[in-house]
Each structure stands twice: as structure tokens, then as C-alpha cells.
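Contents: one structure, followed by commentary.
Any read-out appearing in this document is the output of simple, stated calculations on the displayed coordinates, not a laboratory observation. Here the structure is a predicted model, which is why all the values come from computation and not from measurement. Note that each Cβ is placed from the backbone with ideal geometry, even for glycine, and that neighbours are counted across all protein chains shown.
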Amino acid sequence: MHELSLTRNIVSIVSEKAQGAKVTQVTLEIGKFSAVLPDALQFCFDIVTKGTVAEGAELEIIETPGTGVCATCGTKFSLQQMFDPCPCGSTDIIRRTGSELNIKQMVTA
């Protein structure tokens, strides 16, 4: 379960940026194709934050959809699966969103 390692890194970054202030909320942006399970990340977050400035903080997860642009025809479209072809049939797709894992916001008290 790589979510545990990811969560440790997230909490480390948040704790460093908080500079000792109590963290009350963390908002993450997780792409649909990032291979990160939001429920597992939530479970790990509750455990990893114990004894840190983020203990008891609310974790908000925003799942971003996959989008792409066809390199052949230039069409922008939503991806339901990682390797969806363009409506024109081309498989030469530039993925724009869906793979991210970002700390979007941190709220301190």
C-alpha cells in the first residue's frame, strides 16, 4: 500500500509549512488515474497525523477527472479510461489532467 508512504510525505510537507501552527484542514487534489485510493489515503492520514501539528485535521479530497487533447486533430475531451482514444479515432493523446497528486490548501488555527 503506497498510500502510507504518500501520506507520510504529505504530513511531513504540511507540518514543515505550518511552522508549528495547528493544522485544521488539508485539501488534496488527486487525479482519477493517479493510482491513489482516496479511502486508503484517508485511513492512513488519520493514523500518520497522530502526534503531529495535523492531528485531528480534516482531510478534504478533490478527485480530478481525466482530460486530454488529441495530437492529431486538436480536440479536447474527457477521458473515462487512461488510454481512451480521441473521438476521431486517434490514440495520439496528450493527457492534461487526471494524474496529479497536489496539496491544494492547508488551513491553520
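Listing for the model above:
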read-out: Matching strands (runs of 3 or more DSSP E) fully within region 36-109 where at least 2 residues are over 13 Å from the mean Cα position of the chain (by Cα) and within 28 Å of R8 (Cα to Cα); value: 93-97, 101-108
read-out: Selection count where residues are among the aliphatic types (A, V, I, L, M) and under 19 Å from E100 (Cβ atoms), scope region 16-62; value: 11
read-out: Evaluation of I47 against (1) in contact with a helix residue (DSSP H, G or I) (Cβ under 9 Å, 6 or more places away or on another chain); (2) closer than 18 Å to A109 by Cα (one fails), failing number; value: (2)
read-out: Subset of region 42-66 (residues that are crowded, with 17+ Cβ neighbours inside 10 Å and either free of Cβ contacts under 8 Å to residues at least 40 places away in the same chain or of a type in the set (A, V, I, L, M) (or both)); value: F45, V48, T49, V53, A54, A57, L59, T64, G66
read-out: All positions within region 13-30 that are within 30 Å of T67 (Cβ to Cβ) and surrounded by fewer than 19 Cβ atoms within 10 Å (Cβ to Cβ); value: I13, K17, Q25, T27, E29
read-out: Residues located in region 1-28, provided they are in a loop (DSSP other than H, G, I, E, B), in contact (Cβ under 8 Å) with a residue 60 or more places away in the chain and among the small types (G, A, S); value: A21
read-out: Residue list for region 84-109, filter: farther than 22 Å from V53 by Cα, surrounded by 15 or more Cβ atoms within 10 Å (Cβ to Cβ) and β-branched (V, I, T); value: I93, T97
read-out: Count of region 31-41 residues which are buried (at least 17 other Cβ atoms within 10 Å of the Cβ) and not β-branched (V, I, T); value: 5
